[in-house]
Amino acid sequence: MNASTPAEISRQSLPNVLKDRYFATRIDTVVTLTFGAVALWLLWSFFEWAVLHAYFDPANRDACVQSEGACWAVVTARWRIVLFGLYPFEEQWRSALACLAIVVTTVLSCLPWFWSAVRLALLWVVGFAVFYILMRGGMLGLELVSERDWGGLALTLFIFAAVVLLGMPLSIVFALLRRSELPWISRTMGFLIDTIRSLPLLTIMFAFAVVLPFATPDWMNGQQLYRVIVGYAIFFACYQAEIIRGGIQSLPAGQEEAAKALGLRYWYRVGYIVLPQAFRNALPPTINQVVITFKETSLVTIIGFFDILASGRAASGTGEWSFATIEVYVFVALIFFVFVFSLSRYGAYLERRLRVGTR
């Protein structure tokens, strides 16, 4: 008699699992079939609108107006506005290469060979420098483009990458200061973290963008974009500091005590024993925080920056394509989905690889 493999057992038991979960009683069966029918109807309606009755050729604008399907012709005609915003038309190849540099840097940082502090820091310094040189120019024969002319996907990626790069090291410092053995340090840092976390992100952005210049000397103000990034990074750091602190507190106390008994200094204990395990334990909420940070970059449009959401609004804001607002926002939502879904799937991969949640 041949023994069944776990996969075969799983396949054999799948119908029973579905039956027990969704068709256990008559009420369960009715609810399952009803919601299944509604879901199929919605999917088919969306497929008809988005594919079967859709128009892709900008020359068919009049047909788009009168049709019941999606008018993807607006994306074909205005995709440059969505992706590059106010960036000079003849220099938009630089913005595209800058976005590619950030994406390649992110992909390379996912490779295990780069999973060391020195390699990861060097990779992101080089990648971010390439991005900044391409976007701003003023050197290597590239025309200078002011930050006020940045927009679209490139500006969204710049804000996201800058916030995480500044906020992650700052969150480690905040978490360690809050766990300080000196009460005046730990309480002061705790008060600062709790105060920042009690304020909405939009309030922080407005304070750094509008209010801060009235309270600081002119030489400290800098560009409005950089002030917003610093405020957002502090906001990110306060939330991430609590996540890291929770990861540290989940470690057995005996590990740090053993390190002290071996004579390891504080920074060796923190850098080689405490933080690696704390980040491993705090990986799921950290990925969640990074995903939220990417999505909330869209708030900068309220302050006046031309990010991808504002670019999408401008792409359909003209009289020529004002009827195709839904299609533009679906396109922008698809871009957000690709980046956010990729981040979440990589987080799930890291959890499996590092065996988060297992001893």
Per residue, how much accessible area does the chain show when a 1.4 Å probe rolls over the protein heavy atoms, in square angstrom?
-> 58
Among [x] 252; [y] 121; [z] 273, which is the computed volume of the Cα convex hull per residue in Å³?
-> [x]
Across Leu120, Leu182, Leu155, the residue with the highest GNM fluctuation in the chain (Cα network, 10 Å cutoff) is Leu182
Among 322-335, 202-215, 138-151, how do they line up from the highest to the lowest mean number of other beta-carbon atoms within 10 Å?
-> 322-335, 202-215, 138-151
Using a probe of 1.4 angstrom, how much of the accessible area of the chain is carbon and sulfur, in percent?
-> 67
Report the accessible area of Cys110, computed with a 1.4 Å probe over the heavy atoms of all protein chains in place, in Å² rounded to the nearest 10.
-> 30
Neighbourhood charge, 15 Å Cβ-Cβ cut-off, centred on Tyr87 and excluding it, Lys, Arg +1 and Asp, Glu -1 | -1
Could you tell me which of Ser180, Phe235, Ser146 has its Cα farthest along the dipole of the chain towards the positive end, charges placed at Cβ (Lys, Arg +1; Asp, Glu -1), taken about the Cα centre?
-> Ser180
The simple spin-label model distance between Glu143 and Leu97, using points 7 Å out along Cα→Cβ, in nm, is 1.5
Loop-located GluC sites (Glu not before Pro) in the stretch 36-105, at most 14 other Cβ atoms within 10 Å (DSSP) = Glu68
At 0.36 nm per residue, minus the direct Cα-Cα distance, what do Val107 and Ile335 gain on full extension? Give it in nm, one decimal, please.
-> 80.4 nm
Charges only on Cβ, +1 for Lys and Arg, -1 for Asp and Glu: so what's the dipole of the chain about the Cα centre, in debye to the nearest 20?
-> 1440
Round to the nearest 0.05 the FRET efficiency obtained for Ala258 and Trp115 when R0 = 25 Å and r is the Cβ-Cβ distance.
-> 0.50
In the stretch 227-269, trypsin sites (Lys or Arg not before Pro) in a DSSP loop with at most 11 other beta-carbon atoms within 10 Å | Arg265
Quick one: net charge of Ile326's neighbours, Cβ under 15 Å, K/R +1, D/E -1?
-> -1
Would you look at the GNM of the chain, springs on alpha carbons closer than 10 Å, and say which of Tyr226, Tyr268, Tyr349 moves the most?
-> Tyr268
Relative contact order in percent for the chain (Cα pairs under 8 Å, 6+ apart) equals 18
Which one of Leu299, Leu192, Leu309 has the biggest mean-square fluctuation once the chain is modelled by GNM with Cα springs under 10 Å?
-> Leu192
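The values are calculated or read from the model by the stated rules, or taken from the named source; none is laboratory data. Remember, predicted model here, so these are calculated numbers, not experimental data. We place every Cβ from the backbone using ideal geometry, glycine too, and count neighbours over all the protein chains shown. What goes into the accessible areas is simple: the full protein's heavy atoms, side chains included, and nothing from ligands, DNA or RNA. Shrake-Rupley method; radii C 1.70, N 1.55, O 1.52, S 1.80 Å.
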